[in-house]
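A single structure is presented below for examination.
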Amino acid sequence: MPQPPPPPSAPPNKPPPPQRPPPPSSGGPPPPPSSSSRSPPRSSPTKKTANSNNVRKHNAASSSFSEQDLPSVSKSGMTVAEERLKRRRTCRFLEEGGRILHLPRIPIATAMVLFHRFYAVHSFAEHDRFEVAVACLLLAAKTEESPKKLTSVISECWRLKNRAMRKSTSSGNASPNTDGGTSPLPPTPSGSSNVDKNGYLDTKSEEYLKLKERILLLERVILHTIGFELSIDHPYKFLVEQIQRLMSSRQLEYVSPPAESASTSTASLQSKMTNELVQYAMNFANDSMHTSLCLQFPAKRIAQACVYMSAQYCKMRPCQKGQTWLDLLDNIEMNNLASICLQIMELIADKKGCDLTIFKTIRSDLEKMRNRGPSSVPSPKRPRI
């Protein structure tokens, strides 16, 4: 009886069949889909992508920051000096408005950071900067758990702005309408029916209702502009920690000890030095909020520079011979320290009654540290001292 032919052998080069992954257990999650089964991501419009990139860029400190790239300068034809002046003037408005509203320091600082971040994406020609400032105060008060009534914020800020504009007009300065913005708050005559005898705008008037709508709209625009990033670090906590660490390890001393130090205990002298350092460092940190430093450097770096300037102002130096401030301040880069100090000094130099002698000392000390050697992470742009 004939035998059946043998089965054909498999080709020698044929790869083994792929193995299927074992099915998931009854209680576990299903396996992730393979890359071939995933649907391609939906592409967002180009304008939205560019705007979101700007939000991410300016919500954190950017090492590639340049004032020439700010929208008011690059798009609206404003000079760097004009753009800087508008920021400073509006920050003074925020400072005074926060004081009138009895806001703590942190909400006021948060409002300034929100303002700087907003105009890092938008131009001053697009939105009235004082209305944006009011919305920043309102939002910052909520964020930092110090909320204020909407009516109080709008009424007090309108009164403050209206009073300043009338004072500017009566003194013969330039018209407030030329100071930027597309919808400035016009000075209202004292005899207007919309204003009471104390200078507050009538909350039932059409002018107030329209202003209220614009403020609420701007609050939402600000949130979208900053990408809803409301967790903001400020230099204050970092500078206090830095000073406490320096004083606890006794790394600082007076250049010329005061006369009363001979009869003062070490603990009392250390306490006095700590209080002086904290007080002046806080003042320098407050001044830094009026600049765009929060767009350029992390809050910790700004705090370190404020501690350095405070020590120079208090005439203190490192105890250990041969040790520099760069060693004490967590190896901060020389170029960063110089840039922060110079920008703060430039702001303070415009104030009346400011003693510029200490600034010459700071510039000289910065130059000495620079000449000792390059920083650990050299910067392509070295600030001029």
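Only one of S192, S170 is surrounded by 11 or more Cβ atoms within 10 Å (Cβ to Cβ), modelled with pLDDT under 95 and on the phi < 0 side of the Ramachandran plot. Can you tell me which?
S192
Let me ask something else about it. Pick from segment 105-128 the residues that are over 17 Å from S66 (Cα atoms), open to solvent by less than 10 Å² (accessible area, probe 1.4 Å) and not hydrophobic (A, V, I, L, M, F, W, C): which of them is farthest from the chain's Cα centre (by Cα)?
Checked segment 105-128; the qualifying residue farthest from the chain's Cα centre (by Cα) is D128.
Which condition breaks for P318 when tested against (1) touching a strand residue (DSSP E or B) at 6+ places or on another chain (Cβ under 7 Å); (2) without any contact (Cβ under 8 Å) to a residue 12 or more places away in the chain?
Of the numbered conditions (1) touching a strand residue (DSSP E or B) at 6+ places or on another chain (Cβ under 7 Å); (2) without any contact (Cβ under 8 Å) to a residue 12 or more places away in the chain, the odd one out for P318 is (2).
Within the set of pairs 6+ apart or on separate chains, which have a first residue in segment 58-73 that is under 17 Å from P235 (Cα atoms), a second that is modelled with pLDDT of 60 or more and surrounded by fewer than 18 Cβ atoms within 10 Å (Cβ to Cβ), and C-beta atoms under 7 Å apart?
Within 7 Å, the pairs are N59/G227; N59/E229; A61/P298.
Residues checked against (1) at negative phi; (2) touching an Asp or Glu at 6+ places or on another chain (Cβ under 7 Å); (3) outside any loop (DSSP other than H, G, I, E, B):
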{"residue": "K204", "(1), (2), (3)": "yes, no, no"}
{"residue": "E207", "(1), (2), (3)": "yes, no, yes"}
{"residue": "K210", "(1), (2), (3)": "yes, no, yes"}
{"residue": "I215", "(1), (2), (3)": "yes, yes, yes"}
{"residue": "L218", "(1), (2), (3)": "yes, yes, yes"}
{"residue": "G227", "(1), (2), (3)": "no, no, no"}
{"residue": "L230", "(1), (2), (3)": "yes, no, no"}
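Each row is one residue, and each column tells you yes or no for (1) touching a Cys at 6+ places or on another chain (Cβ under 9 Å); (2) closer than 19 Å to P318 by Cα; (3) polar (S, T, N, Q).
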position: L216; (1), (2), (3): no, no, no
position: I232; (1), (2), (3): yes, no, no
position: P235; (1), (2), (3): yes, no, no
position: Q244; (1), (2), (3): no, yes, yes
position: S249; (1), (2), (3): no, yes, yes
position: P257; (1), (2), (3): no, yes, no
position: N275; (1), (2), (3): no, yes, yes
position: V278; (1), (2), (3): no, yes, no
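Among what's in segment 129-157 and is of a type in the set (D, E) and under 20 Å from the mean Cα position of the chain (by Cα), pick the residue that is surrounded by the fewest Cβ atoms within 10 Å (Cβ to Cβ). Outline the logic, then answer.
Initial filter on segment 129-157 (of a type in the set (D, E)): 131, 144-145, 156.
Subset that is under 20 Å from the mean Cα position of the chain (by Cα): 131, 144-145.
Working: E131: 23, E144: 19, E145: 9.
Here the answer is E145.
I'm trying to understand the selection: among the residues of segment 201-251, which are open to solvent by 60 Å² or more (accessible area, probe 1.4 Å), acidic (D, E) and either closer than 17 Å to M309 by Cα or in contact with a helix residue (DSSP H, G or I) (Cβ under 7 Å, 6 or more places away or on another chain) (or both)?
Answer for segment 201-251, where residues must be open to solvent by 60 Å² or more (accessible area, probe 1.4 Å), acidic (D, E) and either closer than 17 Å to M309 by Cα or in contact with a helix residue (DSSP H, G or I) (Cβ under 7 Å, 6 or more places away or on another chain) (or both): D202, E229, D233, E241.
Being at positive phi and modelled with pLDDT of 95 or more is the requirement here; does H102 meet it?
Yes.
Where in segment 272-332 are the helices (runs of 4 or more DSSP H), entirely inside, with at least 1 residues that are under 23 Å from the mean Cα position of the chain (by Cα) and surrounded by fewer than 18 Cβ atoms within 10 Å (Cβ to Cβ)?
Numbers: elements: 293-296, 299-313, 325-328.
Per the criteria, no element qualifies.
Here are some residues: R92, R42. Which one is at pLDDT 95 or above and either part of a helix (DSSP H, G or I) or not hydroxyl-bearing (S, T, Y) (or both)? Explain how you work it out, then say what you get.
On the way: R42 fails: at pLDDT 95 or above.
Of the residues listed, the single one that is at pLDDT 95 or above and either part of a helix (DSSP H, G or I) or not hydroxyl-bearing (S, T, Y) (or both) is R92.
Got a number for residues in segment 65-89 being touching an Asp or Glu at 6+ places or on another chain (Cβ under 9 Å) and not in a loop (DSSP other than H, G, I, E, B)?
Residues that pass the stated criteria total 10.
Let me ask something else. Only residues that are open to solvent by 90 Å² or more (accessible area, probe 1.4 Å) and either under 26 Å from K315 (Cα atoms) or modelled with pLDDT of 90 or more (or both): list them for segment 360-382, please. I'd like the intermediate steps shown before the answer.
If we filter segment 360-382 for residues that are open to solvent by 90 Å² or more (accessible area, probe 1.4 Å), which is where we start, we get 360, 363, 368, 371-372, 374, 376, 378, 380-382.
The answer is K360, R363, K368, N371, R372, P374.
Further question: Any residue in segment 143-166 that's closer than 17 Å to E95 by Cα: show its pairings with residues that are open to solvent by 20 Å² or more (accessible area, probe 1.4 Å) and acidic (D, E) at Cβ separation under 8 Å, as long as the two are six or more apart or on different chains.
Once the first residue is closer than 17 Å to E95 by Cα and sits in segment 143-166, its partners that are open to solvent by 20 Å² or more (accessible area, probe 1.4 Å) and acidic (D, E) give L160/E96.
In segment 223-244, how many are more than 14 Å from the chain's Cα centre (by Cα) and within 12 Å of L139 (Cα to Cα)?
Final tally of qualifying residues: 2.
The values are calculated or read from the model by the stated rules, or taken from the named source; none is laboratory data. These numbers come from a predicted model, not from an experiment. Here Cβ is always computed from backbone atoms with ideal geometry, including for glycine, and neighbour counts include all displayed protein chains. Surface areas here come from the heavy atoms of the whole protein model, side chains and all, with no ligands, DNA or RNA. Shrake-Rupley method; radii C 1.70, N 1.55, O 1.52, S 1.80 Å.
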